[in-house]
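> I am attaching a structure below and will ask some questions about it afterwards.
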Amino acid sequence: MPESPVIVVKVGTSTLTTPQGDLDLNFMRALSGQLCQLTREGLGVVLVTSGAIRAGMYQLGLKACRDLPSSQAAAAVGQIRLMRVYGDFCRDQGLNTAQILLSRGDVANRERYLNARNTLRALLAHGVLPIINENDTVTTEEIQFGDNDQLASQVCQLVTADILLFLTDIDGFMMPDVDGKMVLQSDIHEITPAVIAAAGGSVSGFGRGGMTSKVNAARVASRLGCRVVMAKGKPRGGQPPVVAVAHGEPVGTTFWPGDHTLRGRKRWLASSAPVEGTLTVDDGAARALLAGGRSLLAVGVRNVEGDFGPGDLLLVRAADGAEVARGLSNFSAEQVRRIAGLHGHQLAEALGYETGPEVIHLDNLATVDPAGVPLTNGDDA
Ligand code: GLU
């Protein structure tokens, strides 16, 4: 059965707050209504929200935050209010919400990345709306995403999103025509140097991100196979265009992934990251992987080389040494050594905890040919 599509909606501070700096409750009610409708339609929906710092400043009566601890304090105050408002509006319509606060460290570390991913997937499976913000109260510059545009593109990877929607205070992405007049673009098929130049360095209102940051985030997300849409969050007299975008209506600017579909994501997986270890598998497992659509199970693993951790990229070789696949390990090298050759029902005893039988899940696996080039007719369907 195909999985339901997943949409990540990112809303910025300028869209979420009034000119005075308080949360715009009318907008948040309308946005929550749209998110609830999509959940009822069976989509996986994730919200990445800004607005905590601004809402906290308003509540504390601060005109500006001059240092990091002040904005972190404002974020701590504002975040709780943000969540209460979303929670109440969604609960009125029968939708449960969950708060997830992430920092860059949570996705840079593979183990934490996998944990966050599993939690998000479990929330979506339970029909809950995860609401994500940066963990502003503890992040310092070194571990900051910096802005929620970057965070949103990472979330797309975590949940294997199909659509990323930026709700902003502008109509979409503008580029100069031959006379230098800025024109709204309905479709961008490639993020060329001209697109990057047109993004300039603009930062809107109180948010940290700007057009350059959105275009960078769009580039990352579209590499992962996501359709990225940039649209006005508060169209005059209308609803935030969340349902419209999910239904494929043309709104704002769409950045198309081109041929960077899920297959492209796997190609990227197969070619970009450093390899940390090698698994040699038996003939049955090698054939199953090459036939496509299968995870690598512990029972097929014959030999383990390297010292890797969960989430590290592994090379998978057939008994004759030919490379069959690459993918992200669910376990450490030491754990794979313990479970190699075991059947699913034997793993809990070997590891001391309940776990699935996949050493590399299909979602994180790319089948390659012996030269290391991903197959194009392989397991990507
Ligand atoms: N995390 C910040 C907040 O909630 C917003 C960051 C951004 O503007 O992108 O206030």
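> Within segment 84-92, is even one residue within 15 Å of the ligand (Cβ to nearest atom) and either under 23 Å from P5 (Cβ atoms) or hydrophobic (A, V, I, L, M, F, W, C) (or both)? Working first, answer last.
Of all residues in segment 84-92, those within 15 Å of the ligand (Cβ to nearest atom) come to 84-86.
With either under 23 Å from P5 (Cβ atoms) or hydrophobic (A, V, I, L, M, F, W, C) (or both) added as a condition, the list becomes 85-86.
Yes, segment 84-92 has at least one match.
> For E134, indicate whether it is modelled with pLDDT under 95, touching a Phe, Trp or Tyr at 6+ places or on another chain (Cβ under 6 Å) and not hydroxyl-bearing (S, T, Y). I'd like the intermediate steps shown before the answer.
Working: modelled with pLDDT under 95: yes; touching a Phe, Trp or Tyr at 6+ places or on another chain (Cβ under 6 Å): yes; not hydroxyl-bearing (S, T, Y): yes.
Spelling it out, E134 is indeed modelled with pLDDT under 95, touching a Phe, Trp or Tyr at 6+ places or on another chain (Cβ under 6 Å) and not hydroxyl-bearing (S, T, Y).
> In this structure, does F255 turn out to be at pLDDT 85 or above, touching a Cys at 6+ places or on another chain (Cβ under 9 Å), aromatic (F, W, Y) and under 26 Å from Q34 (Cα atoms)?
Values: at pLDDT 85 or above: yes; touching a Cys at 6+ places or on another chain (Cβ under 9 Å): yes; aromatic (F, W, Y): yes; under 26 Å from Q34 (Cα atoms): yes.
So F255 passes the test.
Yes/no matrix, rows are residues, columns are (1) modelled with pLDDT under 80; (2) farther than 30 Å from R219 by Cβ:
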site: V275; (1), (2): no, no
site: V299; (1), (2): no, yes
site: E305; (1), (2): no, yes
site: Q335; (1), (2): no, yes
site: I360; (1), (2): no, no
site: P374; (1), (2): yes, no
site: G378; (1), (2): yes, no
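> Right, next: Of everything in segment 277-313 that's under 14 Å from Q335 (Cα atoms) and hydrophobic (A, V, I, L, M, F, W, C), which residue is surrounded by the fewest Cβ atoms within 10 Å (Cβ to Cβ)?
V299
> Another question, then. Could you tell me which numbered condition L129 fails, if it satisfies all but one of (1) closer than 25 Å to I53 by Cβ; (2) away from the ligand (no atom under 14 Å from the Cβ); (3) without any contact (Cβ under 8 Å) to a residue 60 or more places away in the chain?
(3)
> Further question on the same structure: Going through segment 44-76 one residue at a time, which ones are within 11 Å of the ligand (Cβ to nearest atom) and in a helix (DSSP H, G or I)?
Our first condition is that a residue be within 11 Å of the ligand (Cβ to nearest atom); within segment 44-76, this holds for 48-57, 65, 71-72, 74-76.
Across segment 44-76, the qualifying residues are A52, I53, R54, A55, G56, M57, S71, Q72, A74, A75, A76.
> Okay, moving on. Out of segment 66-102, which residues are modelled with pLDDT under 95, crowded, with 20+ Cβ neighbours inside 10 Å and of a type in the set (S, T, Y)?
S71
The values are calculated or read from the model by the stated rules, or taken from the named source; none is laboratory data. Keep in mind it's a predicted model, so treat the numbers as computed, not measured. Here Cβ is always computed from backbone atoms with ideal geometry, including for glycine, and neighbour counts include all displayed protein chains.
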